[in-house]
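Chemist: Before I ask anything, here is the structure I am working with.
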Amino acid sequence: MTKINETWTTRIQQIVKPYVGAYIDKVNKMAEQAHARNDEEAASDLQVEIRTAQRLVERPDRIITISSAATPTTSLRAQGFKEWEGATYISSVNNTGDEFLVSYQGESVPVRLLWVTCPPLSVHGGAQVKMCSDYFGLDPDDIYLLGKQAQVFTDAFLQGRPLKILTRGNKDPDGHLLVAVQLEGVGDFAGILVDNGLACVNRPTARAKNSRRFEEMTLSNLKEREKQARQRPIPPGAWAVSPDQEKPAPSANTNSTAN
């Protein structure tokens, strides 16, 4: 068993090292930019992130957490997010890929994901249909089918799993609480949707300096994950049928981090 574990560790290290190295290079550049603008607090946070990523290569048994490294819980707390431990997903025919019910402390709470937008469940979704159609380069009918796919994916992925909800307490015009949803060993669920070609990455909308910087960093990470998804031999979700061209980011909508 010891020999098997050693062999497994070596193989995992060989596989993940190039990816972690590329991630560290990217964070290093962000740290240099932070130094250049004399933002030592951000530079210090990024150096911690680099050390965390380096430890992932040394400890491949923890490598699954790399997907959430760009939006660690500590950073979210520093941005004023409050944490709900032990929330659970509630199945409903009215749920969508990015808008659904969760149960927390005996209450049913409608939430909407920050940073991403999934296609609506109807071709009559108005501006949201057009936004997603332009983003993915697909016809409205295809956007509707993609919305159904995102709905089914979210229901299957979140059902029965303990969720960590992070929120500033802001709501969208429809009364949905704007949240980040994190799962142990997986990270931020918005990134999972992007990995599977089921969500558009939003434009940054925050106005305050620190919030804007944090949001841009978060969205940059999501765009990088989208790029990797599109480059797979068999692209997932929308990218499997979308024309091979760069798509514009969607216009700002209500599920943002504006403050």
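Chemist: Return a yes/no flag: does region 184-201 have any residue that is crowded, with 19+ Cβ neighbours inside 10 Å, closer than 21 Å to Ser91 by Cβ and either β-branched (Val, Ile, Thr) or not assigned by TED's automatic domain parsing to the domain that holds Pro110 (or both).
Modeler: Looking through region 184-201, at least one residue is crowded, with 19+ Cβ neighbours inside 10 Å, closer than 21 Å to Ser91 by Cβ and either β-branched (Val, Ile, Thr) or not assigned by TED's automatic domain parsing to the domain that holds Pro110 (or both).
Chemist: Still on this structure, please answer the following. Here is a list of conditions, (1) without any contact (Cβ under 8 Å) to a residue 60 or more places away in the chain; (2) crowded, with 21+ Cβ neighbours inside 10 Å, and Lys130 meets all of them except one; can you say which number that is?
Modeler: If we test Lys130 against (1) without any contact (Cβ under 8 Å) to a residue 60 or more places away in the chain; (2) crowded, with 21+ Cβ neighbours inside 10 Å, just (2) comes out false.
Chemist: Test Ile143 against the stated conditions and say whether it is farther than 20 Å from Val179 by Cβ and either loosely packed, with under 14 Cβ neighbours inside 10 Å or at pLDDT below 85 (or both).
Modeler: Working: farther than 20 Å from Val179 by Cβ: yes; either loosely packed, with under 14 Cβ neighbours inside 10 Å or at pLDDT below 85 (or both): no.
It is false that Ile143 is farther than 20 Å from Val179 by Cβ and either loosely packed, with under 14 Cβ neighbours inside 10 Å or at pLDDT below 85 (or both).
Chemist: Got at least one residue in region 158-169 being free of Cβ contacts under 8 Å to residues at least 24 places away in the same chain and buried (at least 18 other Cβ atoms within 10 Å of the Cβ)?
Modeler: No, the conditions are met nowhere in region 158-169.
Chemist: Further question: Which of the residues that make up region 76-96 are more than 16 Å from Gly160 (Cα to Cα) and not in a strand (DSSP E or B)?
Modeler: Selection gives Leu76, Arg77, Ala78, Gln79, Gly80, Phe81, Val93, Asn94, Thr96.
So that you can scan it fast, the table gives a plain yes or no per residue for (1) surrounded by 11 or more Cβ atoms within 10 Å (Cβ to Cβ); (2) modelled with pLDDT of 70 or more:
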{"residue": "Met1", "(1), (2)": "no, no"}
{"residue": "Trp8", "(1), (2)": "yes, no"}
{"residue": "Gly21", "(1), (2)": "yes, yes"}
{"residue": "Lys26", "(1), (2)": "yes, yes"}
{"residue": "Met30", "(1), (2)": "yes, yes"}
{"residue": "Ala34", "(1), (2)": "yes, yes"}
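Chemist: Same structure, new question: For region 96-125, name all the residues that are under 19 Å from Phe153 (Cα atoms), touching a residue at least 40 places away in the same chain (Cβ under 8 Å) and either surrounded by fewer than 19 Cβ atoms within 10 Å (Cβ to Cβ) or among the small types (Gly, Ala, Ser) (or both).
Modeler: Gly97, Pro110
Chemist: Would you point out the residue of region 50-59, among those that are under 19 Å from Phe214 (Cβ atoms) and at pLDDT below 70, that is surrounded by the fewest Cβ atoms within 10 Å (Cβ to Cβ)? Quick ask: steps written out before the conclusion?
Modeler: If we filter region 50-59 for residues that are under 19 Å from Phe214 (Cβ atoms), which is where we start, we get 50, 52-53.
Now restrict to residues that are at pLDDT below 70: 52-53.
Numbers: Thr52: 17, Ala53: 20.
Filtering region 50-59 for residues that are under 19 Å from Phe214 (Cβ atoms) and at pLDDT below 70, the one surrounded by the fewest Cβ atoms within 10 Å (Cβ to Cβ) comes out as Thr52.
Chemist: Restricting the search to region 78-95, which residues are hydrophobic (A, V, I, L, M, F, W, C) and either closer than 14 Å to Ala199 by Cβ or surrounded by 15 or more Cβ atoms within 10 Å (Cβ to Cβ) (or both)?
Modeler: Phe81, Trp84, Ala87, Ile90
The values are calculated or read from the model by the stated rules, or taken from the named source; none is laboratory data. Because the structure is predicted, anything quoted here is derived from the model rather than measured. Cβ coordinates were reconstructed from backbone atoms using ideal geometry, including for glycine residues, and neighbour counts include every protein chain displayed.
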